[in-house]
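Right, one structure below, let's go through it.
The values are calculated or read from the model by the stated rules, or taken from the named source; none is laboratory data. For clarity, every value in this text was computed on a predicted model and none was experimentally measured. Backbone-built Cβ (ideal geometry, glycine too); neighbour counts: all protein chains shown.
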Amino acid sequence: MIASPSYSYISPEEYLQEEETSAIKHEYRNGDIYAMAGASNTHVIITLNIASMLRNHLRGRGCQAYIADTKAHIESIDTYYYPDVMVSCDERDRTFNNFLRYPCLIIEVLSPTTEGFDRGDKFADYRNIQSLEEYVLVSQTRINIEVFRRNPEGQWVLYPYGKGENIHLASVDFKCDVADVYEDVTFEAPQVTE
């Protein structure tokens, strides 16, 4: 999401109708729409790695993985976001055509321009989804994955994962090596200044 919203209120119905024919994707928050920037190749590779592994893991389990073109609808606050990867195991979501209301897992691959929003306001908004059990932030600049898991008391607990570790997504009972998330990713060498 970029920081410049439109200047006139748009209803959720108008947003959905316009989004069906728009050449670019927009997120919707409290009556404002935000154009989405394109993703880097690294971002796309990481997203594809995660979605592919989840898709294979979920076969025959009654859950479905979705990627960047399916919106998360946070009904209680009239907000629509495009998560990088999302999983729903709720039959009610199968009745919607281009959004989900009951995901159990949302994954965002962090971009330098969106990281602050993904960690802050977007995470606060996602916490309004009662079905959401885990929110995952994946760095695209270094090997670092943060899993925020809702505990039985409703608090969000951080489970960080780094190089050489195995990630566990309890919401869908998925495990993999962190290295698998970053397969085929080449990180840029840090710039040396003299």
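Give the range 82-98 a look and list any residue that's free of Cβ contacts under 8 Å to residues at least 60 places away in the same chain and either among the hydrophobic types (A, V, I, L, M, F, W, C) or surrounded by 13 or more Cβ atoms within 10 Å (Cβ to Cβ) (or both), or say none.
Tyr82, Pro83, Asp84, Val85, Met86, Ser88, Asp90, Asp93, Phe96
If you check Thr42, Thr47, Thr21 for being of a type in the set (Val, Ile, Thr) and within 15 Å of the chain's Cα centre (by Cα), only one passes: Thr47.
Would you check which residues across the range 26-46 are within 25 Å of Tyr9 (Cα to Cα), touching a residue at least 40 places away in the same chain (Cβ under 8 Å) and either surrounded by fewer than 16 Cβ atoms within 10 Å (Cβ to Cβ) or not basic (Lys, Arg) (or both) and list them?
Our first condition is that a residue be within 25 Å of Tyr9 (Cα to Cα); within the range 26-46, this holds for 26-38.
Narrowing further to those that are touching a residue at least 40 places away in the same chain (Cβ under 8 Å): 27-31, 36-37.
Passing the criteria: Glu27, Tyr28, Asn30, Gly31, Met36, Ala37.
Taken over the range 141-161, the criterion of being loosely packed, with under 13 Cβ neighbours inside 10 Å and either more than 24 Å from Ser131 (Cβ to Cβ) or not β-branched (Val, Ile, Thr) (or both) is satisfied by Arg142, Asn151, Pro152, Glu153, Gly154, Gln155, Leu158, Pro160.
Part of a helix (DSSP H, G or I), out of contact with any Leu (no Cβ under 6 Å at 6 or more places or on another chain) and either farther than 22 Å from Val109 by Cβ or modelled with pLDDT under 80 (or both): does that describe Glu27? Quick ask: steps written out before the conclusion?
Working: part of a helix (DSSP H, G or I): no; out of contact with any Leu (no Cβ under 6 Å at 6 or more places or on another chain): yes; either farther than 22 Å from Val109 by Cβ or modelled with pLDDT under 80 (or both): yes.
Spelling it out, it is not the case that Glu27 is part of a helix (DSSP H, G or I), out of contact with any Leu (no Cβ under 6 Å at 6 or more places or on another chain) and either farther than 22 Å from Val109 by Cβ or modelled with pLDDT under 80 (or both).
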